[in-house]
């Protein structure tokens, strides 16, 4: 692995700010206007950092005993929820850092938490069960036990709650928890993402494949050949592109013109260790990728999934999460050393495209400090 220099950056990533929390920064999210970036760490601390300067607005160390596991910002951007190893979900005021509701979900870890698109419902998974709560924290319904631990949850734009576990994806009615749809496949599903219209659900599998269903027909397909588990998945806003990890490269599948079956995906090469997280910018086909190598790359993509790098930077440790500011004009990275880094994102007029191989070599030399 090249000796990448922390703090070096190239392309559209402009000088921004960096801060640190007490331990591995594991989850976060922006307030609606980008005034604050909330962060949770594995020591159980929750923090709010000023969106422009990185100064600490407030901090609550160790509030989740055992550590924070997940965070979800309410669609209003004024409140957010955290989940932890202590079996609790906490609902916070983003501005004041006060807990308005403390919910005891169960005796196990609460590994996933998510708000519905309209903000009326909050879902949380604990072991093999998922529960839905009203915005005031009152329990609305809980599911029967899944066949195994729930690995991922997500809300469709129609308000259905989707869950993934070993062997199946399930969609529930938000009001009653009644089963609406179930897609089965014999394998351990470790990640899940829905297209913007909720019509396609894609999952990364323990067997190093990506499996997806078209809900209208329940037709399923599989993309195999990944060197590792595709735990990082992301759809763009239009539902055209599905970006997947599962190794050192980012593989991008296009759903335009009846794809991706029978098509060749875009393959984005820059990272020298496996991809850990992927995030599309709002409203444009710009993809951010983070890896175990501590590198963050911004890519500009075409509708067929091809593209090239337009920005890159290095942080202090493996990248845990990436979050675009709601206006798409800044990118935040969390890392395993407790680092929080935010870069304003400049404008680009052109896509790097097939020049990416040469550009990658040049930028790697520059990021290692071998040339100015």
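The values are calculated or read from the model by the stated rules, or taken from the named source; none is laboratory data. Computed from a prediction, not measured in an experiment: that's the story for all the values here. For neighbour counting, all protein chains shown are included, and Cβ atoms are generated from backbone atoms with ideal geometry for every residue, glycine included.
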*Determine which single condition residue 237 fails, assuming it passes every other condition in (1) under 23 Å from residue 323 (Cα atoms); (2) crowded, with 18+ Cβ neighbours inside 10 Å; (3) without any contact (Cβ under 8 Å) to a residue 60 or more places away in the chain; (4) in contact with a strand residue (DSSP E or B) (Cβ under 7 Å, 6 or more places away or on another chain).*
(2)
*Taking into account only those residues within the stretch 62-75 that are part of a loop (DSSP other than H, G, I, E, B) and touching a strand residue (DSSP E or B) at 6+ places or on another chain (Cβ under 9 Å), which is surrounded by the most Cβ atoms within 10 Å (Cβ to Cβ)?*
64
*Selected residue [in contact with a strand residue (DSSP E or B) (Cβ under 7 Å, 6 or more places away or on another chain), surrounded by fewer than 24 Cβ atoms within 10 Å (Cβ to Cβ) and more than 23 Å from residue 8 (Cα to Cα)] from 284, 267*: 267
*asked:* I'd like to check something: does the stretch 330-344 contain any residue that is assigned to a loop (DSSP other than H, G, I, E, B), within 20 Å of residue 241 (Cα to Cα) and touching a residue at least 24 places away in the same chain (Cβ under 8 Å)?
replied: no
*Residue check, residue 177 outside any loop (DSSP other than H, G, I, E, B), modelled with pLDDT of 95 or more and out of contact with any helix residue (DSSP H, G or I) (no Cβ under 8 Å at 6 or more places or on another chain)*: no
_Subset of the stretch 107-134 that is in contact (Cβ under 8 Å) with a residue 24 or more places away in the chain and assigned to a loop (DSSP other than H, G, I, E, B) - its residue that is farthest from residue 85 (Cα to Cα)_ = 118
*Please enumerate the residues belonging to the stretch 79-105 that are outside any strand (DSSP E or B) and crowded, with 16+ Cβ neighbours inside 10 Å.*
85, 86, 87, 94, 97, 105
*What are the pairs, 6+ residues apart or on separate chains, where a residue within the stretch 242-257 that is at positive phi and touching a residue at least 40 places away in the same chain (Cβ under 8 Å) has its Cβ under 9 Å from a residue that is buried (at least 24 other Cβ atoms within 10 Å of the Cβ) and in a strand (DSSP E or B)?*
246/204; 246/210; 246/275
*Among residues belonging to the stretch 214-234 that are at pLDDT below 95 and part of a strand (DSSP E or B), point out the one that is surrounded by the fewest Cβ atoms within 10 Å (Cβ to Cβ).*
219
_For the list (1) assigned to a loop (DSSP other than H, G, I, E, B); (2) without any contact (Cβ under 8 Å) to a residue 24 or more places away in the chain; (3) surrounded by 18 or more Cβ atoms within 10 Å (Cβ to Cβ), I need the number of the one condition that residue 166 fails._
(1)
*Got a sec? Which of 54, 34 is part of a loop (DSSP other than H, G, I, E, B), closer than 30 Å to residue 365 by Cα and at pLDDT 95 or above?*
54
_If I filter the stretch 169-181 down to residues being under 16 Å from residue 212 (Cβ atoms) and under 24 Å from the mean Cα position of the chain (by Cα), which single residue comes out as surrounded by the most Cβ atoms within 10 Å (Cβ to Cβ)?_
169
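One line per residue, one yes/no per condition, for (1) outside any strand (DSSP E or B); (2) farther than 22 Å from residue 363 by Cα; (3) at pLDDT below 95:
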position	(1), (2), (3)
242	no, yes, no
263	yes, yes, yes
279	no, no, no
290	no, no, no
299	no, no, no
